[in-house]
Amino acid sequence: MTLAHETVLITDSGCDLPPDVLEDAGVELLFFPYTLNGEDHFDDLGQTLSYDAFYDALRAGARSTTAQARPIDCEAMFQRAYDLGKTALLVTISSGLSATYDVALLAREKFLEDKPDAKVFVVDSLSVSAGQGLLVLEMARQLAVGASAEAVATWAEANRQRVNHIFTVGSFEYLVRGGRVSPAVGAAGSMLDIKPVLHVNAEGRLVPLKKLRGRHRALVALADIAAERIEGPAAQAIVVDHAQCPEDAAALREMLAERIDIRGMIEGRIGIIIGTHVGPGGLIVSFWGKPRSN
């Protein structure tokens, strides 16, 4: 039995990885709860409610709110690994954007009180969406070639700052709803057609980098920043995720290809948890690069 077979690698639905990719990598999924128009749901990466249906609902005026993962669900994942005689390794969405990491630590503490012989590791990815997905897939790869859960957790904590995520949004509306920008800034930005460019900083928080006039300039900025920050492009694939704006995602991929000689590009979707806060028109490019700053 390899060490990969001795570890259950788990991540939450903030990772925005397609279910088939998770399955192929041997990664289990911890569902996030969310509420859409007052109805409670769990984010299963678009399997129950498609991403297009979700974004259509937002465009029609629906209200969505998100919450951190529940302790009971974290403990259930740990229990599953324990019942299989395996180590649990949970990788959470950034603690700078969600309380899930703290919830998972408390769940781990409680679980180990009842089962002191269990092996449970919890890693704060300090990442989100495509960035979280990149980190998780590399961790899965390392487990598959024989690394231990402890070694992979240690590696992730030492290298997570190299995961870069650069965002833009179609509208300030959802950043305002989520408290990321003030209503006054949002109103002024919308009136002037300002498109913010944001990144996930060293603390795992979503913070502004630039404010540009017009969507095209924002896309150019994403490509330029990626070209400046990426490291080892020939050995990696860049991920471009979008929130129901495939044409803009295609345009961004073309800009990236003009600037960077890379192994490949992966197109994905921004899911419900992140989509609640960036809204339709959100775009993210993620890659391995220079360590983040604040």
Q) Using the beta-carbon distance between A250 and S171 and R0 = 30 Å, what value does 1/(1 + (r/R0)^6) give for FRET efficiency, to the nearest 0.05? A) 0.90
Q. Residues with amide H under 5 Å of D44's amide H, sequence separation 5 or more or different chain, H placed in the peptide plane at 1.01 Å from N; which?
A. L49
Q: Please return the longest stretch of the chain lacking exposed loop sites, where trypsin sites (Lys or Arg not before Pro) count only if DSSP places them in a loop and at most 12 other Cβ atoms lie within 10 Å.
A: 64-262
Q) In debye, nearest 20: dipole of the chain around its Cα centre with unit charges on the Cβ of K, R (+) and D, E (-)? A) 1120 debye
Q) Which FRET efficiency, nearest 0.05, do E258 and E157 yield, Cβ-Cβ r, R0 25 Å? A) 0.10
Q: Please work out the FRET efficiency for the pair D224 and L106, using the Cβ-Cβ distance as r and a Förster radius of 51 Å; give the result to the nearest 0.05.
A: 0.75
Q: Output ³J(HN,Hα) for region 61-75: one whole-Hz value per residue in order, computed from phi by the Karplus curve 6.51 cos²θ - 1.76 cosθ + 1.60 with θ = phi - 60°, and x for Gly and Pro.
A: x, 5, 10, 10, 10, 10, 9, 6, 4, 8, x, 4, 6, 4, 5
Q. How many nm is it between the label spots at A57 and E113, if each spot is 7 Å from the Cα in line with the beta carbon?
A. 3.6 nm
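What does the helix-only formula give at 222 nm for the chain: each DSSP H stretch with n ≥ 4 adding -39500 (n - 2.57), the total divided by the residues, and the result rounded to the nearest 500 deg cm²/dmol?
My calculation for the chain gives -12500 deg cm²/dmol from helical runs alone.
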Q: Compute the separation of the alpha-carbon centres of region 2-32 and region 214-245 and state it in Å as a whole number.
A: 25 Å
Q. Under the Karplus relation 6.51 cos²θ - 1.76 cosθ + 1.60, θ = phi - 60°, what is the ordered set of whole-Hz ³J(HN,Hα) values for region 197-206, x standing for Gly and Pro?
A. 10, 10, 9, 8, 8, 5, 8, x, 9, 8
(Q) Charges at C-beta only: +1 for Lys and Arg, -1 for Asp and Glu. How large is the resulting dipole of region 3-160 about its Cα centre, in Debye rounded to 20? (A) 240 debye
Q. So between A99 and R141, what do we pick up on full extension, going 0.36 nm a residue minus the alpha carbon distance?
A. 12.4 nm
Q: Answer with a single label: of (i) 17.2; (ii) 20.5; (iii) 14.7, which was calculated as mean projected area of the Cα convex hull in nm² from the structure in view?
A: (iii)
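Each value in this text was obtained by applying a stated rule to the coordinates, not by laboratory testing. The structure displayed is predicted, hence computed values, not measured ones. Neighbour counts are summed over all protein chains in view; Cβ atoms, including those assigned to glycine, are modelled from backbone coordinates with ideal geometry.
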